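Let me begin by presenting the structure, written as structure tokens, before commenting on it.
The values are calculated or read from the model by the stated rules, or taken from the named source; none is laboratory data. Note that the structure is a prediction, hence the values are computed from the model and not measured. Cβ atoms come from the backbone with ideal geometry, glycine included; neighbour counts cover every protein chain shown. Just so you know, the surface numbers come from the protein's heavy atoms only, side chains and all, with ligands and any DNA or RNA stripped out. Shrake-Rupley method; radii C 1.70, N 1.55, O 1.52, S 1.80 Å.
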Amino acid sequence: MTSTWCCDILSFVKELDPIQGVAQRQFDKQSANYGKSHILQNTDDLRSTLNVLKPQRGQKLLDVATGGGHTGFYFARLGLDVTMADISAAMLERVQQTAKDENLTISVNQHPAEELPYPDASFDLVTCRIAAHHFSCPASFVMEAARVLKKGGHFLLIDGTVEDGEPEAEEWMHQVEKLRDPSHNRLITPLKWAHLCGHAGLRVVHSEIQTMKQPDLEWYFNTAGTCAENRVAVRTLIATAPGSARRLFRLAEEDGKTIWWWQRLILVAVKL
Ligand SMILES: C[S@@+](CC[C@H](N)C(=O)[O-])C[C@H]1O[C@@H](n2cnc3c(N)ncnc32)[C@H](O)[C@@H]1O
């Protein structure tokens, strides 16, 4: 890939496939909503991985699809040498501003997750949190993550998931997410992630589902800028949700708000 400099952001973006293009436009438009006010600012999930990752100061970390940068900054504050990458220039500009405000030194690169512009064995850690459900080709992403990791390096994948063996609830959640956010592609089950890792030469050493309360459907709509027509369609899906989805996601009304509990996969794998 060729590279160009733009406002200290090194861009490696060539032609994007349609799914990547939709994601880029969506996050360029909505970037203001992914900063400090976002629920991803809560990094308890990252803290819970430290005993497995055992990160060391000075290690090189690539944070793929960095968004508002909550993951990359978490590790930069621990003293790691962090490269933050995303497909959206608007997201990366915000990340740069935060780095300046906090006096943190990071590298900022624009490229898709499916094609990483780094030599083999460049990083000690590759992280990707709450983003892979947007990717056009998760298999290529995992292959690329494995390629750029050093032997013994760690891959940390955190993303929304639906536990294995729940196809009806999975399909329901897929429809809800597609309507809410046009850049949503697909949630992947834990077994499928494990399979992708194995195929890429990564050994899964930790895999767990944590649940996280979705605070309010309206906040969630506003964050993604969901259009009025799709908000109506999502509310209809919620009103007619099958029992499997109601049970699995603990769909409920609380103080006039529609809430549910996400399933979030925390997976750590080691490069063989
Ligand atoms: C919810 S945000 C990520 C949150 C972030 N990782 C964190 O921990 O706060 C999702 C990000 O994925 C990025 N993205 C979506 N598809 C992508 C792709 N194919 N390649 C790279 N970035 C992508 C979007 O631009 C967006 O910034």
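With everything on Cα atoms, drop me the angle between helix 167-180 and the longest principal axis of the chain, reported from 0 to 90° to the nearest 10.
80 degrees
Using a 1.4 Å probe on the protein chains only, how many percent of the accessible area of the range 119-266 belongs to carbon and sulfur? Show your work: numbers first, answer last.
Values: 3370 of 6180 Å².
C and S fraction of accessible area: 55 percent.
Collect residues whose amide H, placed 1.01 Å from N in the peptide plane, falls under 5 Å from the amide H of Asp164; neighbours closer than 5 in sequence don't count.
Leu191
Lys271: net charge of surrounding residues, Cβ under 14 Å, Lys/Arg +1, Asp/Glu -1, itself excluded? Mind showing how you got there, number by number?
Working: positive: Lys60, Arg147, Lys150, Lys151, Arg203; negative: Asp120, Asp124, Glu144.
Every neighbour counted, the sum reads +2.
Over the Cα atoms of the chain, each weighted equally, I'd like the Debye log10 I(q)/I(0) at q = 0.10, 0.13, 0.15 Å⁻¹, rounded to two decimals.
With no solvent term, the Cα-only Debye profile gives -0.49, -0.85, -1.14.
Hey, what did the chain get for relative contact order, percent, Cα under 8 Å, at least 6 apart?
After rounding, I find 19 percent.
Can you give the charge dipole size of the chain about its Cα centre, rounded to the nearest 20 debye, using +1 on the beta carbon of Lys and Arg and -1 on the beta carbon of Asp and Glu?
Details: 29 positive and 33 negative charges, 107 e Å.
For the chain, the charge dipole is close to 520 debye.
Could you rank Ile238, Ile130 by how accessible they are, 1.4 Å probe, largest area first?
Result of the area sort, largest leading: Ile130, Ile238.
Against the longest principal axis of the chain, how steep is helix 89-102, in degrees 0 to 90 to the nearest 10, with axes from Cα atoms?
So the helix axis and the longest Cα principal axis differ by about 70 degrees.
Please turn the phi angles of the range 118-135 into ³J(HN,Hα) values with the Karplus equation 6.51 cos²θ - 1.76 cosθ + 1.60 (θ = phi - 60°), one per residue in order, whole Hz, x for glycine and proline.
10, x, 4, 6, 8, 10, 7, 9, 10, 10, 7, 10, 6, 8, 5, 5, 8, 6
What are the residues whose amide H is under 5 Å from the amide H of His206, where those residues sit 5 or more places off or on another chain and H is modelled from the backbone?
The answer is Val268.
Say we join alpha carbon atoms closer than 10 Å with springs in a Gaussian network model of the chain; which of Thr49, Thr223, Thr236 then has the biggest fluctuation?
The residue that fluctuates most here is Thr236.
Using the Cβ atoms and a cut-off under 11 Å, what net charge is assigned to the surroundings of Pro182, where Lys and Arg are +1 and Asp and Glu are -1? Walk me through the numbers before you get to the answer.
Details: positive: Arg25, Lys29, Lys178, Arg180; negative: Glu177, Asp181.
Taking every Cβ under 11 Å from that of Pro182, the sum is +2.
I'm checking a number: the convex hull volume of the Cα atoms of the range 1-146, normalised per residue, in Å³. What is it?
Numbers: hull volume 16.1 nm³, N = 146.
That works out to 110 Å³ per residue.
Taking θ = phi - 60°, what integer Hz values does the Karplus form 6.51 cos²θ - 1.76 cosθ + 1.60 yield along the range 227-235, in sequence order, with x for Gly and Pro?
With the stated coefficients, the range 227-235 comes to 6, 4, 4, 6, 4, 4, 5, 5, 4 Hz.
How charged is the neighbourhood of Glu15? Take every other residue with its Cβ under 13 Å from the Cβ of Glu15, and add Lys/Arg as +1 and Asp/Glu as -1.
Numbers: positive: Lys14; negative: Asp17, Glu114, Glu115.
Combined, the nearby Lys, Arg, Asp and Glu give -2.
Mind pulling the angle between the C-alpha long axis of helix 18-30 and the longest principal axis of the chain? Nearest 10 degrees, somewhere in 0 to 90.
Once rounded, one gets 80 degrees.
Restricting to DSSP H runs of at least four residues, report the calculated mean residue ellipticity at 222 nm for the chain, -39500 (n - 2.57) per run over all residues, nearest 500 deg cm²/dmol. Don't skip to the end; give the middle numbers.
Values: 11 runs with 105 residues, N = 272.
After summing the helix terms and dividing by the residues of the chain, the value is -11000 deg cm²/dmol.
Treat every Asp and Glu Cβ in the range 212-272 as -1 and every Lys and Arg Cβ as +1, leave all other atoms uncharged, and give the resulting dipole magnitude about the Cα centre to the nearest 20 debye.
Details: 9 positive and 6 negative charges, 77 e Å.
Here the size comes out at about 380 debye.
List the residues, sorted by chain then number, that are 5 or more residues from Ala121 or on another chain and whose placed amide H is less than 5 Å from its amide H.
Val148, Leu149
At 1.4 Å probe radius, can you tell me the per residue accessible area of the range 34-121 in Å²?
On the way: 3830 Å² over 88 residues.
Accessible area per residue, the range 34-121: 43 Å².
Which residue, Ser183, Ser244, Ser88, has the most motion in a Gaussian network model of the chain that connects Cα atoms within less than 10 Å?
Ser244
With bins 5 Å wide starting at 0, give me the P(r) of the range 188-233 over every alpha carbon pair, in whole percents.
Per 5 Å bin, starting at zero, the Cα-Cα P(r) for the range 188-233 comes out as 5, 15, 17, 11, 10, 12, 15, 11, 3 percent.
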